[in-house]
1. From the list 115, 138, which residue is within 30 Å of residue 317 (Cβ to Cβ), of a type in the set (S, T, N, Q) and not in a strand (DSSP E or B)?
2. Which one of these is out of contact with any strand residue (DSSP E or B) (no Cβ under 7 Å at 6 or more places or on another chain) and under 13 Å from residue 210 (Cβ atoms): 306, 319?
3. Given the structure, is residue 265 out of contact with any Phe, Trp or Tyr (no Cβ under 7 Å at 6 or more places or on another chain), at pLDDT below 95, surrounded by fewer than 18 Cβ atoms within 10 Å (Cβ to Cβ) and not β-branched (Val, Ile, Thr)?
4. Determine if region 153-165 includes at least one residue that is in contact with a strand residue (DSSP E or B) (Cβ under 7 Å, 6 or more places away or on another chain), touching a residue at least 24 places away in the same chain (Cβ under 8 Å), among the small types (Gly, Ala, Ser) and surrounded by 19 or more Cβ atoms within 10 Å (Cβ to Cβ).
5. Go through region 264-286 and give me each residue that's under 12 Å from residue 212 (Cα atoms) and under 28 Å from the mean Cα position of the chain (by Cα).
6. Among the candidates 125, 90, 130, single out the residue that is in the same structural domain as residue 26 (by TED's automatic domain parsing) and surrounded by fewer than 14 Cβ atoms within 10 Å (Cβ to Cβ).
7. Out of 101, 127, report the one residue that is under 16 Å from residue 38 (Cα atoms) and at pLDDT 95 or above.
8. Kindly list, by first and then second residue, each pair from a residue in region 208-220 that is under 19 Å from residue 153 (Cα atoms) and surrounded by 24 or more Cβ atoms within 10 Å (Cβ to Cβ) to a residue that is at pLDDT below 95 and of a type in the set (Lys, Arg), limited to pairs with Cβ atoms under 8 Å and residues at least 6 apart or on different chains.
Amino acid sequence: MLAIDELRKGLRIRYDFSGVHAVVVEPPLTSRRVLRQAMLAIGMPAPREFEEATPRPADLMADTADVLFISASDEDPGPLRLVADIRARKIASNPFLPIVVTAYEPTPRLMRMASDAGADTIVAKPVSYKLIAERMESLVDARRPFIVTANYMGPDRRKDLRGGGIAIPGLAVPNTLAMRVHGQPMGDLDLKVEEMWTTMQEQRVQRCAFQVAFLLHLAWLPEAVLTVDPVHMGELHKIQPVMGDLLARLPEGGEIAEAGNPLAGEVMELAETMVSHGATPDTVSIAQGYAYRLLALVDPSHPLDRHVAIVQASVAAYRKRLAELQA
């Protein structure tokens, strides 16, 4: 292995990475070696290395890590499931771990899948020491905020969130990489992670409720108040999984759960009826009423009529965008 001083030639490192712990998941030994040398060159200790993310990904993330480098490709996008599981907090205690996906051919499809999984960034292999230094520094001082939608929680990397009139704020999540570099105390990290995770769960419930109201309003033809739109009726099958996600995230006990569970149950039952037996203006209208009441319940920042107006504006904007794309 080359001497550290030789590796560092020509590099201008702005931060002290000596306390940063990295995990590398790279099948080729040569790729792991290059990444290891790049990390040593910018002052990091040797990373924990794995050839693959399966079959026991929990073991991979058993110890605290500050950054994860993981290889993926069009032929083997499987490692991106690990990324999604980390963001969903199915494995690892910190869903906000900085994650870098590496790929020999970062195709548009792979880049989209990495973004949807919740990766912070993707870099092309073979990597250069300078590129690793730049990406690490960017994750320290310019990391993207996280956002929450009905089907995504992760760095704000997507161009089209289909939010319409709903504001989707960015969240400055705990960044262990930046905390290590700046010498910040790590003792309250678990508390910070838990507080931010709770905030994101609350926002996820609100986004799910909005999405259900959006889908139900989309089922109406804009020109006729009492006419069902056959083009978008197929979207109603999305309601049950979204509502199931909402119910799973409602806090146990309390007024919101007590009032929200029956409303969600009514919407799910009506959605099942509409999907199985077809929708009528009456069933869609009744389901809308329950959905709007649920939205106002989980998101008290607006009164009911304001929520209705926001959903209507969002659907109108969505229809306009579709018409422009089809023109």
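The values are calculated or read from the model by the stated rules, or taken from the named source; none is laboratory data. Please read all numbers here as calculations on a predicted model, not as lab measurements. Every residue, glycine as well, gets a Cβ built from its backbone with ideal geometry; the counts of neighbours run over all protein chains shown.
1. Values: 138 fails: within 30 Å of residue 317 (Cβ to Cβ).
After applying the criteria, what remains is 115.
2. Details: 319 fails: under 13 Å from residue 210 (Cβ atoms).
Matching residue, one of 306, 319: 306.
3. Details: out of contact with any Phe, Trp or Tyr (no Cβ under 7 Å at 6 or more places or on another chain): yes; at pLDDT below 95: yes; surrounded by fewer than 18 Cβ atoms within 10 Å (Cβ to Cβ): yes; not β-branched (Val, Ile, Thr): yes.
Judged against the criteria, residue 265 is a match.
4. Yes - at least one qualifying residue is present in region 153-165.
5. Of everything in region 264-286, those that are under 12 Å from residue 212 (Cα atoms) and under 28 Å from the mean Cα position of the chain (by Cα) turn out to be 264, 267, 268, 271.
6. On the way: 125 fails: surrounded by fewer than 14 Cβ atoms within 10 Å (Cβ to Cβ); 130 fails: surrounded by fewer than 14 Cβ atoms within 10 Å (Cβ to Cβ).
Going through 125, 90, 130 in turn, the sole match is 90.
7. Working: 127 fails: at pLDDT 95 or above.
Every option except 101 fails the conditions.
8. Filtered contacts from region 208-220: 208/249; 211/238.
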